[in-house]
Amino acid sequence: MLLLSFFIRTEVWAQGEDMHFGNVLTVSGFADRSKPIPLQKVIDQTPPGKYVKLEPGFYTGPVVINKDAITIDGNGKVTISGLNKGSVIYLEANNVNLKGLHLIESGGSHDKIDCGVKIKGNNNVVENCLIEECLFGIDIFQSEHNTIIHNEITSLSRRSMALKGDAIRLWYSKNNLIKGNYWHHVRDMVVWYSSENTFEANKGVGNRYSIHFMYAHNNRIKDNYFYENSVGVFLMYSEETVMTGNTIMHSNGVSGMCLGMKETSSNQILHNRFIYSAEGIHVDVSPFVPFKINTVMYNEIAFCGTGIFFHTNQEGNLCKHNYFHNNLVQVEAEGKTANLNRWQGNYFDDYQGFDKDGDNIGDNPYTLYSYVEHLWSFDKDVKFFYGSPLLLVLDFLERLAPFSQPKLVLRDKSPIFKWDDEWDRKIKERL
């Protein structure tokens, strides 16, 4: 026979910066896989506004939380299994706090979006939870002002990458805060039709897309760390994104890119590091609206196969004060040129010029032509021989006495001559 004992006492609890008095319901019992506690029974006996402190043990769902302003606290010692049936927790209330829970074993349906926590409510908090062996992690559906903070999320280990679920999924949701989370070995983290959300100080490792935005406007991406993903951040049909202070690295493979922009306008890409990847930035028909420029400034783009790749003859991007170094190709244009964009005051480590007046601005423009590089525009396999003696000789001969018309890729009329600690300090002061 299952025994549930509620001990009600008055204590002081801190939530955020507020202190308040409230009744604490302590749920105790001997709970393991042989004698689990159904969490739904606990919720059914919990009045709105109560703080439920779960004693260590094994609990089962699925559970529906439809009472406002309750807190479920597992203190990191509680496991809740969905028994492979649907989502583990259905959160259909407001001002609920889920903290310190270990959520496992959701169902496996992509159609039903089986997940650890399915949120349909406002002003809820999910914090310090471990979600694993669930198809999706957290689904936020038509909800606002929710806080997802300091959680670790991974997907079903038995499935291949394409059949896994997403770490966090936002659908028609706005003004949510996603902060300090760690998602790894999931399919994607997706933001669909959702605006004015903040993604800050998260870590994404070993995924397909660390964050994929679709028709999602005016979001903030700040101080995240994404590595060993196929794609770091992808902006698709999304506008007015502000992306600052992120480090994205080791985005490799055929589609490897740190940042992708497709048919997106009015974005600000500032003070990020795009390094050690196949492509630093991939630009495809962006900006989509010609007069809504994308601003790419103060970024380090380094150790990439291609620093910035332009898929078309795109115009309307401002590239200013970026730090290009140790890339195989600084900028590549699959179309005729990338010079229809505005290039101003960037540093290129292959600049061949002087600074006679000492103002740290090159006396001559930085001009990038495509010589032998255009061979792999027709045959991608040629790039395998990049750096080989044969291509070095061909490149030298073409520059010495061109036997084919070189392609102008870009011209920066005021390139930075030397990127040193003093210049870097000046740049950071502009934050």
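Listing for the model above:
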{"item": "Hey, residue 87 modelled with pLDDT of 95 or more and either hydroxyl-bearing (Ser, Thr, Tyr) or buried (at least 24 other Cβ atoms within 10 Å of the Cβ) (or both) or not", "result": "yes"}
{"item": "Close pairs (6 angstrom Cβ cut-off, 6 or more residues apart or separate chains): part of a strand (DSSP E or B) in the stretch 313-334, of a type in the set (Ser, Thr, Tyr) anywhere", "result": "318/295; 323/347; 329/306; 332/306"}
{"item": "Close pairs from the stretch 252-264: first in contact (Cβ under 8 Å) with a residue 24 or more places away in the chain, partner surrounded by fewer than 20 Cβ atoms within 10 Å (Cβ to Cβ) and outside any loop (DSSP other than H, G, I, E, B), Cβ under 8 Å, at least 6 apart", "result": "260/236; 260/284; 261/284; 262/236; 262/284; 263/236; 263/284; 264/236"}
{"item": "Total residues in the stretch 52-65, condition farther than 14 Å from residue 103 by Cα and in a loop (DSSP other than H, G, I, E, B)", "result": "1"}
{"item": "The stretch 208-228: number of residues that are over 10 Å from the mean Cα position of the chain (by Cα) and surrounded by 24 or more Cβ atoms within 10 Å (Cβ to Cβ)", "result": "2"}
{"item": "Positions within the stretch 140-168 being buried (at least 24 other Cβ atoms within 10 Å of the Cβ), under 17 Å from the mean Cα position of the chain (by Cα) and not aliphatic (A, V, I, L, M), in sequence order", "result": "151, 155, 165, 166"}
{"item": "Looking only at the stretch 180-197, and only at residues there that are in contact with a Phe, Trp or Tyr (Cβ under 8 Å, 6 or more places away or on another chain) and either in contact (Cβ under 8 Å) with a residue 60 or more places away in the chain or of a type in the set (Val, Ile, Thr) (or both), the one that is nearest to residue 219 (Cα to Cα)", "result": "191"}
{"item": "Single condition residue 120 does not satisfy, out of (1) of a type outside the set (A, V, I, L, M, F, W, C); (2) more than 23 Å from residue 230 (Cβ to Cβ); (3) free of Cβ contacts under 8 Å to residues at least 24 places away in the same chain", "result": "(3)"}
{"item": "Condition check for residue 176: among the polar types (S, T, N, Q) and without any contact (Cβ under 8 Å) to a residue 40 or more places away in the chain", "result": "yes"}
{"item": "Within the stretch 142-194, tally of residues that are in a strand (DSSP E or B) and among the charged types (D, E, K, R)", "result": "5"}
{"item": "Unique match (being out of contact with any Ser or Thr (no Cβ under 9 Å at 6 or more places or on another chain) and aliphatic (A, V, I, L, M)) among 236, 243, 249, 189", "result": "243"}
{"item": "Residue that is farther than 25 Å from residue 262 by Cα, crowded, with 19+ Cβ neighbours inside 10 Å and either at pLDDT below 90 or out of contact with any Leu (no Cβ under 7 Å at 6 or more places or on another chain) (or both), where the choices are 351, 323", "result": "351"}
{"item": "Given (1) surrounded by 20 or more Cβ atoms within 10 Å (Cβ to Cβ); (2) outside any strand (DSSP E or B); (3) at pLDDT 95 or above; (4) not polar (S, T, N, Q), index of the condition residue 68 fails", "result": "(1)"}
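Conditions (1) in a loop (DSSP other than H, G, I, E, B); (2) in contact with a Ser or Thr (Cβ under 8 Å, 6 or more places away or on another chain); (3) assigned by TED's automatic domain parsing to the domain that holds residue 180, marked per residue:
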| site | (1), (2), (3) |
| --- | --- |
| 93 | yes, no, yes |
| 99 | no, yes, yes |
| 102 | no, yes, yes |
| 106 | yes, yes, yes |
| 111 | yes, no, yes |
| 122 | yes, yes, yes |
| 126 | no, yes, yes |
| 140 | no, yes, yes |
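The values are calculated or read from the model by the stated rules, or taken from the named source; none is laboratory data. All values derive from a computational prediction rather than experimental measurement. Quick reminder, even Gly has a Cβ in these numbers, built from the backbone with ideal geometry, and neighbours come from all protein chains shown.
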